[in-house]
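See structure below.
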Amino acid sequence: MTFLRVTSDVESDPQKIFASFWDMARLQAFWNPVSHVEVFYDDGDHQEASMSVQRNGQEENIRIIRFRVGSDIVFFNPVPPPMMRYHRGAWRIAPHPQGGCTVSAEREYELIRDMTDSDEEHAARVEAFDLGLASRLQSLLESLARATAGERTA
């Protein structure tokens with residue numbers, strides 16, 4: 001299992017940030033690798049959806065189950081992305097006393113091992129994937145910060 005956390009300070013109201021992540025259409029609006037979303041169920045605390053994501057020039061269709069836990073969104077993929085055996089994560093939103101918030105993207109996953117890989121080759125593939133995922137998550141958080149700039153409340 002690999003665990004990854006990427007964190008960014010955002011100059012916006014934590015409730016608006018939560019709404020930007022919970023509302024799949026808003027997420028799609030500020031993160032262009034998401035090309036399509038369809039929400040099947042949403043009662044405000046539980047959500048089931050599918051989304052199409054562009055990754056490395058290919059489209060992945062992903063089913064996602066999400067839960068509101070306080071000010072956080074936790075999720076898992078019942079059928080993980082094609083290169084993974086397992087995938088779950090969270091969006092953690094912590095308000096700053098002076099306004100704005102810190103957003104953390106957490107991911108826990110296991111890559112499917114190519115049976116022809118040596119231990120070293122597999123470790124290198126995991127490391128490269130981890131760096132790419134961290135970069136994509138950082139880019140997403142930067143897009144969120146730009147999209148919500150000026151929405152800070154004290």
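The values are calculated or read from the model by the stated rules, or taken from the named source; none is laboratory data. All of these numbers come straight from a predicted model, not from anything done at the bench. Because the Cβ atoms are built from the backbone with ideal geometry, glycine has one as well, and the counts that use them run over all protein chains shown.
PRO81 meets each of the listed conditions (1) in contact with an Asp or Glu (Cβ under 7 Å, 6 or more places away or on another chain); (2) outside any loop (DSSP other than H, G, I, E, B) apart from (2). Candidates are the residues of the stretch 11-24 that are more than 20 Å from LEU133 (Cα to Cα), of a type outside the set (Ser, Thr, Tyr) and touching a residue at least 60 places away in the same chain (Cβ under 8 Å); the one that is surrounded by the most Cβ atoms within 10 Å (Cβ to Cβ) is ILE17.
When every residue of the stretch 25-43 is checked against the conditions, at least one turns out to be hydroxyl-bearing (Ser, Thr, Tyr), surrounded by fewer than 16 Cβ atoms within 10 Å (Cβ to Cβ) and more than 16 Å from LEU140 (Cα to Cα). Taken over the stretch 49-63, the criterion of being over 15 Å from LEU27 (Cβ atoms) and at pLDDT 80 or above is satisfied by GLN58, GLU59, GLU60, ASN61, ARG63. None of ASN56, ASN77 is among the polar types (S, T, N, Q), surrounded by 15 or more Cβ atoms within 10 Å (Cβ to Cβ) and either within 30 Å of TYR41 (Cα to Cα) or touching a residue at least 24 places away in the same chain (Cβ under 8 Å) (or both) except ASN77. Per the listing ALA145, ALA90, the residue uniquely in contact (Cβ under 8 Å) with a residue 40 or more places away in the chain and either among the aromatic types (Phe, Trp, Tyr) or closer than 19 Å to PRO14 by Cβ (or both) is ALA145.
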